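Below is one structure; the comments refer to it alone.
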Amino acid sequence: MGHLISMVELGKFIIKHHPSYSITVLTLTNSFTTGPITSYIRTISATIPAITFHHLPKIPLDLQMYDSTAVIFELIRRSVQNVEDALRSISPTALIIDFFCSPAMSSAANANVPVYYFITSGACCLVTMLYFQTLDQDYLGSFKDMNRLVYLPGLPPIPSSDMPELALDRNSTYYSAFLELSQYLPKSAGIIVNTFDSLEPKPIKAIRDGVCVEDQHTPPLYCVGPLLADAGDGSHECLNWLDSQPKRSVVYLCFGSEAGMFSSDQLWEIAKGLEMSGHRFLWVIRSRSTMREDDWDLLLPDGFLDRTKGRGFVVKMWAPQVKVLSHKSVGGFVTHCGWNSVLEATRAVALPMDVLEAAEVEKCVRQLMDSAEGKMVRRVVEAKRVDAARALSDNGSSRVALAALVRSWRKDRGLSSHQ
Ligand SMILES: O=c1ccn([C@@H]2O[C@H](COP(=O)(O)OP(=O)(O)O[C@H]3O[C@H](CO)[C@@H](O)[C@H](O)[C@H]3O)[C@@H](O)[C@H]2O)c(=O)[nH]1
C-alpha cells in the first residue's frame, strides 16, 4: 500500500503540472491485494479520470511455497512477458517502475520504452541501493551476523543489523534481488525519489556526485517529493473520538501497511507499554495471527481495553492516517518509519520505535510527549514542514525536478516540447 499510494501520488503530481499526460498504473493482483488496496484503487479510478489501472493477468501461484515478500518477487518475475504485452498495447512515453520491479527493465527494453525508477523511500535508502554492489564486495559475510558499523557515502555509520531487511542475509533470495536492483539502477534513464533537496542534502549530494556507484555513470536524480496522499473525505469513529480529546494530548501509533502485522507477543508488549505510559493514545493494530473480528480482543492483555477506556482508542486494521496526523488532538506519532509515514509526519511529530518491548514503548511515548527531546523534535519537524511546502511551490526544487524529468523523457523519445 505504501508503494501504491506514492506511485499514484507521483502520477497526480505529473498530471497536475503537465495535464497533457495520462497515467496508466500496471498492477498485480494476488493475496496481498487486501480490502484497503481494492477500495483505494476504486476511489482513485472514480475520482481521477486521467489515472487508470491496468490489471496484469493473474499468475497462479502455490502460496504455501512463499512468504509474503517472496510472493511479490515471484509474481513480478513471472509477469515480465505480461508487462511487455501491456507496454506494446499502451505505447507509453516512459515506464516508471517501483524498485521491486527490476525485471520489468527487460520488458521495457524489448518494447523500446525508456525506464525510470521510482524510489518510494528516501535518498538515504537509495544510497544503500546504489552502493550495494560495492558493499557486496567489501563485506564478505551476512550483515545480520556482523555486529559492526557499515559505512555508506553521505550517511552516518549504520549498525549492520539496521541494513535493509532484504540485504541482511547473503544466502537469501532477497539478497540477490537487492543486488540485482543495485546493478540495474545505474542502467535506467533516471531515478525519481520521493524526497526533496533540503530534507536529505548529504545523501542527495553523494548520489549526484556519483560516489555511490563505482565505475559506472549515475543516472540523473529527480527529487520530486514530498508526494503525500490527501486527507480525503469520509468519517471514521476514531476521528470522532479524537474530537473529544484535549489539544495535542494523544499519541498515535501505527506501523505502516505491512510491517504493522505483529505477532500476538508483540501486540501484548505494545499494549503493556501504552498502559504503563499513562498517556492518551490512538493505536492501529494489525496481526498475522488472526483476521477474525471476534478474536481481536483476545490478542490484547486481559482487561486492557477496560483499563484504558476513555484515554485509549484501538482501531483494527486501518485508520485514515493522514487525517489523524493533521488532527489537533494528536501531539505525537510512534511509527515504524516507513517513508510515507515519515513524510506524513512532517505534518505532525514522530519518534522511531525500534525494540518492541513494553518498557521501550513506555519510554518512547513519555519521551515524545513529556521531554525536551520531544520538544526539539517538534521544532525540527515544523521547520521541515515549511521546507516541504517551499519545495512544492512554483520554482521550488521538486517542481524544477519534475520539469527536468518531463524534458528528459521527451528527449529520450525524440518528442518536441508540445508533445
Ligand atoms: O492504518 C493505516 C496504515 C497506513 N496508512 C497509510 O499507508 C501508508 C503506509 O506507508 P509507509 O508508512 O511507507 O509504510 P509501509 O507501507 O509499511 O512501508 C513500506 O514502504 C515504504 C515506502 O517504500 C518503505 O519506506 C517501508 O520501509 C516499507 O515497509 C501511509 O501513506 C499511511 O498513511 C493508513 O492510511 N492507515
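Restricting the search to the stretch 179-212, which residues are within 13 Å of TYR117 (Cβ to Cβ), assigned to a loop (DSSP other than H, G, I, E, B) and within 14 Å of the ligand (Cβ to nearest atom)?
To start, the set of residues in the stretch 179-212 that are within 13 Å of TYR117 (Cβ to Cβ) comprises 180-194, 207.
Now narrow it down to the ones that are assigned to a loop (DSSP other than H, G, I, E, B): 188-189, 194.
Of everything in the stretch 179-212, just one residue is within 13 Å of TYR117 (Cβ to Cβ), assigned to a loop (DSSP other than H, G, I, E, B) and within 14 Å of the ligand (Cβ to nearest atom), namely ASN194.
Picking from ILE59, ILE44, ILE48, which residue would you name as being touching a Phe, Trp or Tyr at 6+ places or on another chain (Cβ under 9 Å) and surrounded by 13 or more Cβ atoms within 10 Å (Cβ to Cβ)? Selected residue: ILE44, the only one of ILE59, ILE44, ILE48 that is touching a Phe, Trp or Tyr at 6+ places or on another chain (Cβ under 9 Å) and surrounded by 13 or more Cβ atoms within 10 Å (Cβ to Cβ).
If you go through the stretch 47-65 one residue at a time, do you hit one that is assigned to a helix (DSSP H, G or I) and of a type in the set (Gly, Ala, Ser)?
Going residue by residue through the stretch 47-65, those that are assigned to a helix (DSSP H, G or I) are 47, 63-65.
Still in the running and of a type in the set (Gly, Ala, Ser): none.
Taking every residue of the stretch 47-65 in turn, none turns out to be assigned to a helix (DSSP H, G or I) and of a type in the set (Gly, Ala, Ser).
Checking each residue in the stretch 391-415 for being without any contact (Cβ under 8 Å) to a residue 40 or more places away in the chain and assigned to a helix (DSSP H, G or I) picks out VAL400, ARG407, LYS411. Across the stretch 224-265, the qualifying residues are those that are part of a loop (DSSP other than H, G, I, E, B) and touching a Pro at 6+ places or on another chain (Cβ under 9 Å), and the one among them that is farthest from the ligand (Cβ to nearest atom) is SER235.
Taking the criterion of being more than 8 Å from the ligand (Cβ to nearest atom), in a loop (DSSP other than H, G, I, E, B) and crowded, with 17+ Cβ neighbours inside 10 Å, the only residue of the stretch 308-326 that qualifies is THR308.
Given the residues ASP354, ASP370, which is the only one that is within 16 Å of the ligand (Cβ to nearest atom) and at pLDDT below 85? Don't jump to the end; show me each part of the working.
On the way: ASP370 fails: within 16 Å of the ligand (Cβ to nearest atom).
Checking each option against the conditions leaves just ASP354.
Where helices (runs of 4 or more DSSP H) fall entirely within the stretch 76-148, those with at least 2 residues that are within 18 Å of ASP412 (Cα to Cα) are at 80-90, 104-110. Within the bounds of the stretch 207-216, is there any residue that is of a type outside the set (A, V, I, L, M), under 21 Å from the mean Cα position of the chain (by Cα), buried (at least 22 other Cβ atoms within 10 Å of the Cβ) and at pLDDT 95 or above? No, the conditions are met nowhere in the stretch 207-216.
Which residue out of VAL115, VAL80 is more than 16 Å from the ligand (Cβ to nearest atom), crowded, with 18+ Cβ neighbours inside 10 Å and under 29 Å from PRO186 (Cα atoms)? Before you say what the answer is, go through the steps one by one.
Working: VAL80 fails: crowded, with 18+ Cβ neighbours inside 10 Å.
It is VAL115.
Residues are listed down the side, and each one gets a yes or a no for (1) outside any helix (DSSP H, G or I); (2) touching a Pro at 6+ places or on another chain (Cβ under 9 Å); (3) more than 21 Å from LEU87 (Cβ to Cβ):
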| residue | (1), (2), (3) |
| --- | --- |
| HIS3 | no, no, no |
| SER6 | no, no, yes |
| GLY11 | no, no, no |
| ILE14 | no, no, no |
| TYR21 | yes, no, no |
| PRO36 | no, no, yes |
| SER45 | no, no, no |
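From the list TRP283, TRP268, the one residue that fits, being modelled with pLDDT of 85 or more and within 15 Å of the ligand (Cβ to nearest atom), is TRP283.
The values are calculated or read from the model by the stated rules, or taken from the named source; none is laboratory data. On a predicted model such as this, the values are computed, not experimentally measured, just so you know. Cβ sites come from the backbone with ideal geometry, for glycine too, and all protein chains shown count toward neighbours.
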